[in-house]
Amino acid sequence: MVGAGVLSYITASRLVSFSPNPKFAVIDVRDEERAYDAHISGSHHYASATFSNKMPELLQAVRGKDTVVFHCALSQVRGPSCARMFLEYLSQSKDSSGIKNVMVLERGFNGWQASGRPVCRCTGTPCNGENALEV
């Protein structure tokens, strides 16, 4: 069960240090800007505008993961809000699918990209990483 519904934050450096880790899932909740701003390689896309309806689908997509990291552009509103919704959903669900940690990426996608981390421009979801770019 997720640590008493506590939402925590993770830095880009720390997230990279865990990569590649098959027990992590990165969830991008940006809306239309994902299409033109690129995204973190390997991330899943669940737009914040429809997020509440997609939580059962997300739970299936992250089955077997122990940590789920959410982000939006800056991780100030949409990322934390969706992470909290997902925490609440997990607390009410009989099946947390092994998820132990729900986190938010500090500074979001913009911070990730500004720090020189690789981004991808593929159109798949989850991202297949085929067009990953070092920035």
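The values are calculated or read from the model by the stated rules, or taken from the named source; none is laboratory data. From a predicted model like this one, the values you see are computed outputs, not experimental measurements. Note: ideal-geometry Cβ built from the backbone for every residue, glycine included; neighbour counts use all protein chains shown. To get the accessible areas, we keep the full protein, side chains included, count just its heavy atoms, and leave off ligands, DNA and RNA. Shrake-Rupley method; radii C 1.70, N 1.55, O 1.52, S 1.80 Å.
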In the range 36-69, the residues that are in contact with a Leu (Cβ under 9 Å, 6 or more places away or on another chain), farther than 17 Å from Gly98 by Cα and part of a strand (DSSP E or B): Ile40, His44
Looking at (1) open to solvent by 40 Å² or more (accessible area, probe 1.4 Å); (2) in contact with an Asp or Glu (Cβ under 7 Å, 6 or more places away or on another chain); (3) in a loop (DSSP other than H, G, I, E, B), which one does Leu74 not meet, given that it meets all the others? (2)
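Can you work out which of the residues in the range 77-109 that are of a type outside the set (Lys, Arg) and assigned to a loop (DSSP other than H, G, I, E, B) is surrounded by the most Cβ atoms within 10 Å (Cβ to Cβ)? Outline the logic, then answer.
Filtering the range 77-109 down to residues of a type outside the set (Lys, Arg) leaves 77, 79-83, 85-93, 95-99, 101-106, 108-109.
In the following step, the residues that additionally are assigned to a loop (DSSP other than H, G, I, E, B) were identified as 77, 93, 95-99, 106.
Numbers: Val77: 13, Ser93: 14, Asp95: 10, Ser96: 14, Ser97: 16, Gly98: 12, Ile99: 23, Glu106: 18.
Out of the qualifying residues, it is Ile99.
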Would you be able to tell me the number of residues in the range 1-35 that are at pLDDT below 75 and not in a loop (DSSP other than H, G, I, E, B)? 4
Can you tell me which residues in the range 61-71 are open to solvent by 20 Å² or more (accessible area, probe 1.4 Å) and either aliphatic (A, V, I, L, M) or without any contact (Cβ under 8 Å) to a residue 12 or more places away in the chain (or both)? Ala61
Determine the pairs where a residue that is at positive phi and of a type in the set (Ser, Thr, Tyr), located within the range 81-107, has a partner that is in a loop (DSSP other than H, G, I, E, B) and open to solvent by 70 Å² or more (accessible area, probe 1.4 Å) with Cβ atoms under 8 Å apart, the partner being 6 or more residues away or on another chain. Ser97/Arg63
